[in-house]
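The values are calculated or read from the model by the stated rules, or taken from the named source; none is laboratory data. Just so we're clear, the structure is a prediction, and the values are computed from it rather than from any experiment. Cβ coordinates were reconstructed from backbone atoms using ideal geometry, including for glycine residues, and neighbour counts include every protein chain displayed. Surface areas here come from the heavy atoms of the whole protein model, side chains and all, with no ligands, DNA or RNA. Shrake-Rupley method; radii C 1.70, N 1.55, O 1.52, S 1.80 Å.
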Amino acid sequence: MLPCVCWLQSILILLSSVLWTLGENCPATCLCPDPHTVDCSGRGLTRLPDEIPLDVRRLLLADNWIPRIPSDFLVLYSDLVYLDLRNNTLSHIEPGTLSTSSRLVFLDLGSNNLTEIPKGTFGESRSLIKLRLGNNPYLSMVSEDAFLGLTSLRELELERNALSTLKVGALSQLPSLRVVRLEGNPWVCNCNFANLFSWLMENSHKLPNGVEGMECSLPMDGRRVSLTQLSKDSFRECQATLTLTDLLIIIFSGISVSVVAIMTSFFLASTVHCFQRWSKGTKGDEEESEE
């Protein structure tokens, strides 16, 4: 029995040592269920915790009061693959903050106070597969190039925000996109929504509930209607609407055509005048020869 007792004692000592090590490297008030996970969810934090292990892979910071992420926060955490910042008070993400997260696969920024997603927010996080940005009640603007470079992104959540319009380019630049959630936004059925409507109808299989789960308000009376009640003909008038760029192109084309026409007329007139003078000179020479 003695060898068994010694073996059990060794195991207990080893486990105690491991637990002691985990506890020593774990930030205060947080839990570390394994060597690569730090769970600080629901701890009432008003800033990011100190002394996060450099080899952390899963960082859980949901349900706190964190207002910002330092721009250099993720520089040291090159192994991070899972970051949960859901339900905090983030109002913006500084450009470049997430661009160093080359291995990040999952990012949850839902239920915060974000107001816009500008170009360069995510850099080129090519490993990112799932991005949650839903339930940000003040999020009203997403840049057309906000997701540029996210070539592996499969799931994008933008539901229940304050989006009234969204450039199609923001979605068409995601070659791996399989699921997108856009319901619950105050979409407006105007000409700015026409291209997005066409994209949604062509990609309805990527919407969890299809277009049945989406509504938009009519610009005339603000009445909410389901997208299933609309068709491409509903935006027929938008096809004849000219943008400022279109008008500039037309004006420039008109000026160019006018300049070319004037130069051509001048060239033809000069040619005719020279031909007439040459003809008169030739006729005069012939008359002199006859005399």
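Tallying residues that are open to solvent by less than 10 Å² (accessible area, probe 1.4 Å) and within 17 Å of the chain's Cα centre (by Cα) within the stretch 80-91 yields 0. Of the candidates P219, P175, P208, the single residue that is open to solvent by 50 Å² or more (accessible area, probe 1.4 Å), closer than 21 Å to D108 by Cβ and in a loop (DSSP other than H, G, I, E, B) is P208.
Going by what's in this entry, would V180 be described as assigned to a helix (DSSP H, G or I) and either free of Cβ contacts under 8 Å to residues at least 12 places away in the same chain or open to solvent by less than 30 Å² (accessible area, probe 1.4 Å) (or both)? So V180 fails the test. Taking (1) open to solvent by less than 60 Å² (accessible area, probe 1.4 Å); (2) under 21 Å from L139 (Cα atoms); (3) not polar (S, T, N, Q) in turn, V225 satisfies each apart from (2). Is the stretch 40-48 home to any residue that is hydroxyl-bearing (S, T, Y) and under 25 Å from S152 (Cα atoms)? No, the stretch 40-48 has no match at all.
Selection of the stretch 183-195 for residues being surrounded by fewer than 19 Cβ atoms within 10 Å (Cβ to Cβ) and under 18 Å from T115 (Cβ atoms) yields G184, P186.
Residues checked against (1) among the β-branched types (V, I, T); (2) surrounded by fewer than 14 Cβ atoms within 10 Å (Cβ to Cβ); (3) under 17 Å from G110 (Cα atoms):
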{"residue": "R47", "(1), (2), (3)": "no, yes, no"}
{"residue": "I52", "(1), (2), (3)": "yes, no, no"}
{"residue": "D55", "(1), (2), (3)": "no, yes, no"}
{"residue": "L61", "(1), (2), (3)": "no, no, yes"}
{"residue": "P70", "(1), (2), (3)": "no, yes, no"}
{"residue": "S78", "(1), (2), (3)": "no, yes, no"}
{"residue": "I93", "(1), (2), (3)": "yes, no, yes"}
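If you go through the stretch 183-205 and keep only what is of a type in the set (G, A, S) and in a strand (DSSP E or B), you end up with nothing. Taken over the stretch 112-164, the residue count meeting the criterion of being open to solvent by 10 Å² or more (accessible area, probe 1.4 Å) and either among the hydroxyl-bearing types (S, T, Y) or touching a His at 6+ places or on another chain (Cβ under 8 Å) (or both) is 9. Restricting to the stretch 50-103, what's the tally of residues that are closer than 16 Å to F122 by Cα and either part of a loop (DSSP other than H, G, I, E, B) or at pLDDT 95 or above (or both)? Residues that pass the stated criteria total 27. Quick one: is L98 under 17 Å from G134 (Cα atoms), crowded, with 18+ Cβ neighbours inside 10 Å and aliphatic (A, V, I, L, M)? Spelling it out, it is not the case that L98 is under 17 Å from G134 (Cα atoms), crowded, with 18+ Cβ neighbours inside 10 Å and aliphatic (A, V, I, L, M).
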